[in-house]
Amino acid sequence: MSSYQRNNTMVACILSVLIVGAIAVGALTYYGTTSWNWSQATTDFAFEAEVGATTGTVTLDINVGAGAVAVTFVDNATLLYDIDVEVLNRTVEAEGAPTVSFAGNVITFDYTAAGVNITLGSGVNYTMNIAVTSGGLDLHFIGGAHIGDVNATVTAGGMGLLFTDDVVLLGSPTFDLYAGSGAMTLNVGLPAGVGGSVECASVHGGVYITAPGWTAITSNHYETSDYDTAPQSLSVIAQTSSGAITATLT
């Protein structure tokens, strides 16, 4: 594993911006230990590792107190992870530099406040446990992704999921997604021959599902006709407390 760092000022945000309770694709201003000041300097940290002799399923374990996390995939069988982290300099001074570890097939990142871009490769299977206390989370499961169970929580903030039909599933996984006080946007395109179930619930926000060709179990729960019979299936359980859920299923 290698790492490097450089000092710079914040020129552009990092992931997705939460606007009026919704996620708009673009950049995300992440929050430090006090309110953000555009003139404050940041430090970039980069961590990268190759698959090497790694076999079996790798777990991505991420815990960020305040900030933004984005996860995506590339079709690169040698890449285990490429993680870019941007932190306010005053946070580094107070908390020390962030670190990424890989042991026992678990990639671990735990830090107080940061903007985090994570790129994973196509050479191994991944499961995920991701927690963001305050901020936002963007999950882009696209070509190159080999993915199993996902547990993702944003306590105060929003979440976005993009799942495309060229993803390779590990068994029949469940995505358990929760956003406490922000909107959630789901775009799910199932691979051929994979059954699907998407069930949404919002305490104080609406649920809006567009699912041509899917069967409505309830107004908030849709399944494909082969969900119970397909050799593989994907189950998505999406919940928010005070934000709307918008889902497009194909």
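The single residue among 149, 75 that is of a type in the set (Asp, Glu) and outside any strand (DSSP E or B) turns out to be 75. Within the bounds of region 79-101, is there any residue that is aromatic (Phe, Trp, Tyr), over 28 Å from residue 181 (Cα atoms) and at pLDDT 50 or above? Yes. The strands (runs of 3 or more DSSP E) found wholly in region 152-209 and carrying at least 2 residues that are modelled with pLDDT of 95 or more and surrounded by fewer than 19 Cβ atoms within 10 Å (Cβ to Cβ) occupy 174-179, 194-202.
State whether one or more residues within region 36-48 are under 25 Å from residue 149 (Cα atoms), at pLDDT 95 or above and either part of a strand (DSSP E or B) or not acidic (Asp, Glu) (or both). Yes, some residue in region 36-48 is under 25 Å from residue 149 (Cα atoms), at pLDDT 95 or above and either part of a strand (DSSP E or B) or not acidic (Asp, Glu) (or both).
Candidates in region 76-108 are the residues that are touching a Gly at 6+ places or on another chain (Cβ under 9 Å) and within 15 Å of residue 66 (Cα to Cα); of these, the one that is surrounded by the fewest Cβ atoms within 10 Å (Cβ to Cβ) is 90. In region 194-205, the residues that are touching a residue at least 24 places away in the same chain (Cβ under 8 Å) and closer than 22 Å to residue 250 by Cβ form Cβ pairs under 8 Å with partners that are of a type in the set (D, E, K, R) and assigned to a strand (DSSP E or B), at six or more places apart or across chains, as follows: 195/223; 196/223; 197/223; 198/223. Kindly check whether there is at least one residue in region 214-221 that is aromatic (Phe, Trp, Tyr) and in a loop (DSSP other than H, G, I, E, B). Within region 214-221, one or more residues are aromatic (Phe, Trp, Tyr) and in a loop (DSSP other than H, G, I, E, B).
Residue 136 falls short on exactly one of the conditions (1) under 18 Å from residue 198 (Cβ atoms); (2) buried (at least 18 other Cβ atoms within 10 Å of the Cβ), and that condition is (1). May I ask you to verify whether residue 136 is out of contact with any Asp or Glu (no Cβ under 6 Å at 6 or more places or on another chain) and without any contact (Cβ under 8 Å) to a residue 24 or more places away in the chain? No; evaluated as a whole, the condition is false for this residue.
The values are calculated or read from the model by the stated rules, or taken from the named source; none is laboratory data. A quick note: this is a predicted structure, and the numbers were derived from the prediction, not measured. Cβ: placed from backbone, ideal geometry, glycine included. Neighbour counts: every protein chain shown.
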